[in-house]
Structures are given as C-alpha cells and as structure tokens.
Amino acid sequence: MSDSKTKYESYWGRFPSMIVDKAPLQDIWNTLTFYELTITNRSQANKVLYNGVVSNYSGVTQVFQRYDVVLDYIKKFMTPATDCIVDLGAGWGRNTFNMFLHNFPTNIDYYSLEYTEAGNQVAQDIYHKNVLPNSKKIDSHYILYTGLFDFNKPIIDFKKKYKNIIFLSHHSIEKVPQIKTAFFDLILGLDTYYTVIHMEPIGWQMMDINGPPYSVHLKYHNENLYQLLRTYEKNGKIKILEIYKNQYSLFSLKNTTSIVSWIKN
Ligand SMILES: C[S@@+](CC[C@H](N)C(=O)[O-])C[C@H]1O[C@@H](n2cnc3c(N)ncnc32)[C@H](O)[C@@H]1O
C-alpha cells in the first residue's frame, strides 16, 4: 500500500462515528467539515485567498465559501444534456453531497470515486443514513454510486452509458506526485462528450500564465499535471477551455487552488 493510501485509509476511517442515523445532510456535512478543520493544522496565522483578497484564515465560514466556488464552477459547464457528474479522489464525497445540498439536478447520476475503502464507506454511510431517509427534506432522490479509484491505475465502472459527463478532481491529483498518461488514456478513450475540471494547487507549475504567485511546490504533491495538460493540448488531443491561476485557498496560501477545464479535441 502506498503511503498516501495508508494515510487516507486511517484519516477517513476516523469519520464514520460522527454519522448519525437520519440526521439532516446539512448537519452531517457541517460536522464532518468542521471536524476536519479541527484535526488538521489550520491556524489563524495562515493567510488565505478568496475573491482576489488575502486575509487571515478565520475558520469554518470561509471554508464553506470555498466549497461553494467548486459548485459555481461546475455549474458553468452544466447543460440540460449533462447526465452524470464524477468526482475523482472524492474522499467522503464532500463535493457531491454539497451538490445535493445546493439543489443540483436529481435526474442525473453522481459518482463519488475514491482511493480508499474508508472514504467510500463514509460516503455510503452518509448516503444511506442521511440522504435517502431525509430525501423529502432535501426534496430529491439522488442516485449516488461510490467506488474505488486510483489515478495511477484508473478504471471506472460506469453503471450505464452517459451522453455528457462532468469530471471533477478537487485537491486529489495533488496527492499524486506524477500523474501518468494512464489517466488521460482512460478519459480520452471514452466514447461520450465530457468536460474535465481540475481544481488543484498547481499554480506554481503555470510558468506561462500571469497571475498571483501564491501556491508552492509542497513535498509529495503533484508536480506535473499542468505540463501534461499542455503536452496533450500541443499534440491536439485536448482543448483547454479555461485556466484560472491561484484562485482561492482553503486554509493556506501555499496550497492555493488553480482551475483548469478541458474537453477532448
Ligand atoms: C485532500 S483530500 C481531498 C478529498 C476531496 N476531493 C475533497 O475535496 O474533499 C485528497 C484525496 O485524494 C485521494 N487520493 C490520494 N491518492 C490518490 C490516488 N492515487 N488516486 C485517487 N485518489 C487519491 C485521497 O484518498 C483523498 O481522499
């Protein structure tokens, strides 16, 4: 087992005890997000970025705003034809559940795919204990599939044929020091229309883009996603739609998120 896998199995393994039967999804979402803030090294001394402004990290409200940025960006690419959203390296499904809480469509399928059994287990528990029994409260019946996913050996077990998929990676490729071509082979091999959105701390890799210089190369973090995207673009395989360098940070400027979206060319 790789270090990252061992670390995240035990990390997400600490979360299930907080999942209460039939508690409203919003309460569970807040509890787990708040818990994560308390067990990780997030300090008011840290500077963070939001809407172009650097300020001191001030806790949970700020973090909630950042996760809403994720949803706003996904919405930009959703059309009536979108029939599936896939979160890759999804942890406990935080972003997907946030979509449910923000009235994303109920007539599409959601996949929360994760490297660890523990993360998938939490997502399943939340889905069965806090989404389905409360489906009247969030006024919907969402379809969620969970499953194992490894960027290094990527396989996706799609439950049906989709016409228009949105893929998201949010601070997950950051844990893969060298993303390999296998990931692109998988996505480019799909016979369907899709948009891929990366929200990852790779601004420091974007030497050719102007923008605030916040993110840095952190130890054990990804160091080649941007370069690989540019190579695929140069070879005519993908079309990069948008690049936003260093847009927002969750708790530290060093790990500031950049956004890159692309489609098959
Ligand atoms: C910082 S967490 C982010 C989780 C989630 N995307 C979010 O925004 O809350 C990083 C996630 O990347 C996952 N991860 C690490 N290595 C991975 C790999 N090789 N393939 C897929 N996911 C991986 C971890 O298990 C963990 O859930």
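Here are a few things to note about the model shown:
- Extension reserve of the residue 265-residue 178 stretch, reckoned as 0.36 nm per residue once the Cα distance is removed: 29.0 nm
- Backbone HN-Hα couplings from phi across region 90-101 [Karplus 6.51/-1.76/1.60, Hz, Gly and Pro as x]: 7, x, 8, x, 3, 5, 5, 5, 5, 4, 4, 6
- Ranked by the mean number of other Cβ atoms within 10 Å of their residues, highest first, the peptides 117-130, 187-200 come out as 117-130, 187-200.
- Taking all Cα pairs closer than 8 Å and separated by 6 or more residues, the relative contact order of region 3-264 comes to 21 percent.
- Note on the chain: Kirkwood radius taken over Cα pairs, Stokes-Einstein applied at 25 °C and 0.890 mPa s, translational D equal to 130 µm² s⁻¹.
- Taking amide H as placed 1.01 Å from N in the peptide plane, the amide H of residue 247 sits under 5 Å from that of 257, 258, 259, each at least 5 places away or on another chain.
- Computing FRET efficiency as 1/(1 + (r/R0)^6) for residue 79 and residue 216, where r is the C-beta to C-beta distance and R0 is 30 Å, gives about 0.25.
- Estimated [θ] at 222 nm from DSSP helical runs (n ≥ 4, -39500 (n - 2.57)) normalised by residues in the chain, nearest 500: -9000 deg cm²/dmol
- J(HN,Hα) series, region 214-219, from Karplus relation 6.51 cos²θ - 1.76 cosθ + 1.60, nearest Hz, glycine and proline x: 5, 6, 10, 6, 8, 4
- Projecting the Cα atoms of 170, 108, 205 onto the charge dipole of the chain, computed from C-beta unit charges around the Cα centre, puts 205 farthest toward the positive end.
- Karplus-derived HN-Hα couplings along region 12-17 (A = 6.51, B = -1.76, C = 1.60, θ = phi - 60°), whole Hz, x at Gly and Pro: 6, x, 7, 8, x, 4
- Between residue 235 and residue 64, the simple spin-label model (points 7 angstrom out along Cα→Cβ) gives 4.5 nm.
- Amide H within-cut-off set for residue 86, under 5 Å, with H built and near neighbours excluded: 111, 166, 167, 168
- With the gyration tensor restricted to C-alpha atoms of region 31-133, the semi-axes of the equivalent ellipsoid amount to 26, 19, 11 Å, longest first.
- The alpha carbons of region 141-265 stretch over 42, 34, 26 Å along the principal axes, in descending order.
- Here is the list for region 6-56: trypsin sites (Lys or Arg not before Pro) lying in DSSP coil, each with at most 14 other C-beta atoms within 10 angstrom of its C-beta, are 14, 22.
None of the figures in this text is laboratory data; all of them are computed from the coordinates on show. This is a predicted model, so every value here is computed, not measured. Here the Cβ is made from the backbone with ideal geometry for all residues, glycine too, and neighbour counts use every protein chain on show.
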